[in-house]
Amino acid sequence: MEILRKDDLMIGLLLNALMHQAPHMQITPEERELYDRLLKDIHSTPSATVTIHYELPYPKSRFLYYASQSDQYIFHGSNHQAISTFEPKQQTLYNGQMVQAVFATIDPIWPVFYATLDRSKAKGSIRNACLEHKGNRYHFYSVSQTMNHGQDIWTDGMIYFLPRDRFRRADQGAVRFDEWICEQPVTPLAKLPVSADDFFYRHKVSTHREQESLVKTYLLYKWRTRNGKIDGG
């Protein structure tokens, strides 16, 4: 057991050295009451996808964090803002395995990246991850330098709230990607409009050369994002 604890400690230190650890947010009672009202609206019309009209003074990242603590919701981020049904598509898991499924995550930050990164400008590779270890999550975001030639690579998008009980984890390891999959069509419970300002790690996105190895991108990621802006080299 002592060896296992030391291994977990070393893994945690390594992940923290390479990636940005997600914050554990403290939600106030006042926030909780307001968020519960919004979530209650989701179930007021169970036959339709509810659009959440967010007008609260708190960042949407806090609302999504609160919603993620419930076992009812799982999230999918997209540039497409009018998806009525998610159909299973052939996609690649974290380990390269091909599956025919709908992808989602219980992490409240990761899907906002997919919702607000303008995929029409996604030239070259996009490298990103949300890893979970011992209850902590670690984030990593890097885009190819071919995407970042003085142009705005961000857009408005949508976070879809999907029913969590329809999904299963794709990864069961001690350190796992927060990927969940469903092999059947899924109808969203609700959707939340988001912009780039709602992406918690917008200023922690690095760039990498297209020919650069994935290992090098991981090793240099936190150094490249030290200035709080897109940076690479």
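The values are calculated or read from the model by the stated rules, or taken from the named source; none is laboratory data. Owing to the predicted nature of the structure, the values given are computational and were not obtained by experimental measurement. Methodologically, a virtual Cβ is constructed for each residue, glycine included, from the backbone with ideal geometry; neighbour enumeration extends over all protein chains shown. Keep in mind that these areas ignore ligands, DNA and RNA; they rest on the heavy atoms of the full protein, side chains included. Shrake-Rupley method; radii C 1.70, N 1.55, O 1.52, S 1.80 Å.
Observations
- Residue within segment 101-112 that is surrounded by fewer than 21 Cβ atoms within 10 Å (Cβ to Cβ), over 14 Å from the mean Cα position of the chain (by Cα), modelled with pLDDT under 95 and not in a helix (DSSP H, G or I) present: no
- Those strands (runs of 3 or more DSSP E) lying entirely in segment 169-233 with at least 2 residues open to solvent by 30 Å² or more (accessible area, probe 1.4 Å) and closer than 25 Å to residue 79 by Cβ: 190-194
- Counted residues, segment 154-168 - those being surrounded by fewer than 21 Cβ atoms within 10 Å (Cβ to Cβ) and hydrophobic (A, V, I, L, M, F, W, C): 1
- For segment 114-169, a residue qualifies if it is of a type in the set (Gly, Ala, Ser) and out of contact with any helix residue (DSSP H, G or I) (no Cβ under 7 Å at 6 or more places or on another chain), and the qualifying residues are 115, 120, 125, 129, 135, 144, 150.
- Complete set of residues in segment 38-75 that are of a type in the set (S, T, N, Q), open to solvent by less than 30 Å² (accessible area, probe 1.4 Å) and in contact with a helix residue (DSSP H, G or I) (Cβ under 7 Å, 6 or more places away or on another chain): 61
- Counted as qualifying within segment 1-73 are the helices (runs of 4 or more DSSP H) with 2 or more residues that are more than 17 Å from residue 134 (Cα to Cα) and at pLDDT below 95, namely 29-42.
- Segment 117-135 residues that are within 13 Å of residue 16 (Cα to Cα) and open to solvent by 30 Å² or more (accessible area, probe 1.4 Å), paired with ones that are at pLDDT below 90 and assigned to a strand (DSSP E or B) (beta carbon under 6 Å, 6 or more apart): none
- Test result for residue 7, more than 23 Å from residue 163 (Cβ to Cβ) and of a type in the set (Asp, Glu): yes
- Taking segment 113-123 as the range and being aliphatic (A, V, I, L, M) and either part of a helix (DSSP H, G or I) or under 15 Å from the mean Cα position of the chain (by Cα) (or both) as the test, the residues that pass are 115, 117.
- Subset of segment 23-34 (residues that are more than 14 Å from residue 69 (Cα to Cα) and either of a type in the set (A, V, I, L, M) or touching a helix residue (DSSP H, G or I) at 6+ places or on another chain (Cβ under 6 Å) (or both)): 34
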